[in-house]
Amino acid sequence: MTLTSTIVSAGISAVNTCGALLNRLGLPLASLEEGDLLEAARRTTGLADFGGDEFRVGLGKLVSALESEADLTPLGRVAAQRDLLGLLINRLHLQADRTRHPEIAAERIADPIFIVGLPRTGSTALHHLLAQDPETRTPRAWEVMYPSPPPTRAMYETDPRIERARKQLRWLDWLAPDFKAIHPVGAELPLECIAIMSASFLAARFQTTYNVPSYEAWLNAQDMRPAYAYHWRFLQHLQWRTPAARWVLKAPSHVFAFDALLETYPDARIVQTHRDPLTAVASVASLSSVLHRAFSWRREPSRFGREVTDRWTEGLERSLELRRTGRVAPERLIDVHHHEVVDDPMGVVRRIYSQFEMPLTTAAEARMRAFLEANPRHKHGPHDYALDAFGLDAQDLIRRFRAYSEHFGVRPEAPRPR
């Protein structure tokens, strides 16, 4: 932990201690009651139509888990309230925009590219790199956080919401100062699809941020088509006045819902990123622990190791099943390994463009090279983690992920135990 992280951690602990005292005195900092959240969203916007009520089942499951399981700190409780309220406000605004401009519903999302696969495999770096092409459309953080009114081409680089998003993201820097060394976030950087799908309340983001096992168990049994329908509508909204040749989208969690993804986007093109699971799983556990300790009193590292291992054993099996069934034509699939993204990122870009028969212009390549130069690996410091820190056993992981590693020819990153 850095000196800055230590100082921030001490400050957060002091605030949480004061907040805990207020709670004991019967003065809670923030309400997470479903009815209170819905009423606050209506009152803030002056709007009432959420675009249907199907999301309320997931919202109810989530707030119940936050209250009974998440063991939120006072700051975590405030953050959760702001998070959920913001999602509800966005639902209201998007529906109002769609009512005023029914032509938004005619927007077509054609041949989108989805980057999927085990987290911590270079997928974020690749997403950010592909976003440099002027012909590529990615959902940037600021427009996902504040999507209404729909962004315009004329104001896309200067919209005042960009600065508003920067200020909002400083909260994350304060709550989890080590996070940006693990996963870069910025107002003008692309954001993952789970941020869009969160307003459906069918999204893996919540279990990554909060300890909500009952919500996670419920989510794993759900039909994810409503989440992808909302995702489609959100993209229509963003591209209505700011179109481009193609969408490039990203979320590791897409591997858990290939059926819903492909039913919603039957012409999707898929880039799957790969890495040694022993390295990737430890890295994901570290990421989860950083986020959870920003919002929760609970900090048992071994819990993150078990949860991540169980989840991605299933996730990678689903990615193998996609190949076995031949659901996606080979020309719409490409595999990329982490070491390729690190060692030859432009080579990976050229291979993707060739596979999907897209022109790589001189201007796009120049922008990509400039981005690589300005954003070297470990720009915000190295991300240090180890298997044993999260109660993980190398032999167990090798056994669990053997089929995946052998099928995709994954290169080991560390010596294997005998």
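The values are calculated or read from the model by the stated rules, or taken from the named source; none is laboratory data. Source: prediction; values computed, not measured. We place every Cβ from the backbone using ideal geometry, glycine too, and count neighbours over all the protein chains shown.
Does ARG306 satisfy being of a type outside the set (Gly, Ala, Ser), surrounded by fewer than 21 Cβ atoms within 10 Å (Cβ to Cβ) and not in a helix (DSSP H, G or I)? Break it down stepwise before answering.
Values: of a type outside the set (Gly, Ala, Ser): yes; surrounded by fewer than 21 Cβ atoms within 10 Å (Cβ to Cβ): yes; not in a helix (DSSP H, G or I): no.
No: the conditions fail for ARG306.
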**Message:** Quick check on region 124-133. Is at least one of its residues in contact with a strand residue (DSSP E or B) (Cβ under 6 Å, 6 or more places away or on another chain), among the polar types (S, T, N, Q) and surrounded by 15 or more Cβ atoms within 10 Å (Cβ to Cβ)?
**Reply:** no
**Asked** surrounded by 14 or more Cβ atoms within 10 Å (Cβ to Cβ), over 30 Å from ALA244 (Cβ atoms) and of a type in the set (Val, Ile, Thr) - does that describe any residue in region 343-353?
**Response** no
**Asked** Among all residue pairs at least 6 apart or on different chains, which show Cβ distances below 8 Å where the first residue, located in region 31-48, is under 18 Å from LEU72 (Cβ atoms) and assigned to a helix (DSSP H, G or I) and the second is among the basic types (Lys, Arg) and modelled with pLDDT of 95 or more?
**Response** GLU34/ARG56
**Request:** Return yes or no: is ALA244 free of Cβ contacts under 8 Å to residues at least 24 places away in the same chain, surrounded by fewer than 19 Cβ atoms within 10 Å (Cβ to Cβ) and of a type outside the set (Phe, Trp, Tyr)?
**Result:** no
**Item:** Subset of region 254-267 [buried (at least 21 other Cβ atoms within 10 Å of the Cβ) and small (Gly, Ala, Ser)]
**Value:** ALA257
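Among residues belonging to region 386-406 that are among the aliphatic types (A, V, I, L, M) and assigned to a helix (DSSP H, G or I), point out the one that is surrounded by the most Cβ atoms within 10 Å (Cβ to Cβ).
First, the residues of region 386-406 that are among the aliphatic types (A, V, I, L, M): 386-387, 389, 392, 394, 397-398, 403.
Imposing the further condition that a residue be assigned to a helix (DSSP H, G or I) reduces the set to 387, 389, 394, 397-398, 403.
Numbers: LEU387: 18, ALA389: 16, ALA394: 15, LEU397: 23, ILE398: 16, ALA403: 12.
Within region 386-406, the match that is surrounded by the most Cβ atoms within 10 Å (Cβ to Cβ) is LEU397.
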**Request:** Quick one: count up the residues across region 339-360 that are of a type in the set (S, T, N, Q) and under 25 Å from GLU413 (Cβ atoms).
**Result:** 0
**Request:** Tell me which of these ARG275 doesn't satisfy, since it passes every other one: (1) buried (at least 20 other Cβ atoms within 10 Å of the Cβ); (2) farther than 30 Å from LYS61 by Cβ; (3) of a type outside the set (A, V, I, L, M); (4) free of Cβ contacts under 8 Å to residues at least 60 places away in the same chain.
**Result:** (4)
**Prompt:** Here are some conditions: (1) within 20 Å of HIS254 (Cα to Cα); (2) aliphatic (A, V, I, L, M); (3) touching a strand residue (DSSP E or B) at 6+ places or on another chain (Cβ under 6 Å). VAL348 meets all but one. Which one does it not meet?
**Reply:** (1)
**Asked** Within the group ALA41, ALA48, ALA65, ALA30, which residue is exposed (fewer than 13 other Cβ atoms within 10 Å of the Cβ), at pLDDT 50 or above and in contact with a helix residue (DSSP H, G or I) (Cβ under 6 Å, 6 or more places away or on another chain)?
**Response** ALA48
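Each row is one residue, and each column tells you yes or no for (1) within 30 Å of PRO102 (Cβ to Cβ); (2) buried (at least 18 other Cβ atoms within 10 Å of the Cβ); (3) not charged (D, E, K, R).
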residue	(1), (2), (3)
ALA204	no, yes, yes
TYR210	no, yes, yes
TYR215	no, yes, yes
ASP223	yes, no, no
PHE234	yes, yes, yes
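Tell me which residues, restricted to region 105-129, are hydrophobic (A, V, I, L, M, F, W, C) and either part of a loop (DSSP other than H, G, I, E, B) or in contact with a Lys or Arg (Cβ under 9 Å, 6 or more places away or on another chain) (or both). Let's see the steps before the verdict.
Going through region 105-129, the residues hydrophobic (A, V, I, L, M, F, W, C) turn out to be 105-106, 109-110, 113-116, 118, 125-126, 129.
Hits for region 105-129 are ALA105, ILE109, ALA110, ILE113, PHE114, ILE115, VAL116, LEU118, ALA125, LEU126.
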**Prompt:** How many of the residues making up region 315-342 are surrounded by 12 or more Cβ atoms within 10 Å (Cβ to Cβ) and farther than 25 Å from ALA110 by Cβ?
**Reply:** 12
**Prompt:** Is at least one residue of region 159-168 over 20 Å from ASP335 (Cα atoms), at pLDDT below 95 and among the acidic types (Asp, Glu)?
**Reply:** no
**Fill in**
Exactly one of ARG351, ARG327 is in a loop (DSSP other than H, G, I, E, B), in contact with a helix residue (DSSP H, G or I) (Cβ under 9 Å, 6 or more places away or on another chain), farther than 30 Å from GLU67 by Cβ and not hydrophobic (A, V, I, L, M, F, W, C), and that one is ARG327
**Prompt:** Can you pull out the residues in region 217-261 that are out of contact with any Cys (no Cβ under 8 Å at 6 or more places or on another chain), more than 22 Å from ALA364 (Cβ to Cβ) and either acidic (Asp, Glu) or not in a helix (DSSP H, G or I) (or both)?
**Reply:** ALA221, GLN222, ASP223, MET224, TRP240, ARG241, ASP259
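Only one of ARG323, ARG351, ARG306 is of a type in the set (Lys, Arg) and without any contact (Cβ under 8 Å) to a residue 24 or more places away in the chain; which?
On the way: ARG323 fails: without any contact (Cβ under 8 Å) to a residue 24 or more places away in the chain; ARG306 fails: without any contact (Cβ under 8 Å) to a residue 24 or more places away in the chain.
Going through ARG323, ARG351, ARG306 in turn, the sole match is ARG351.
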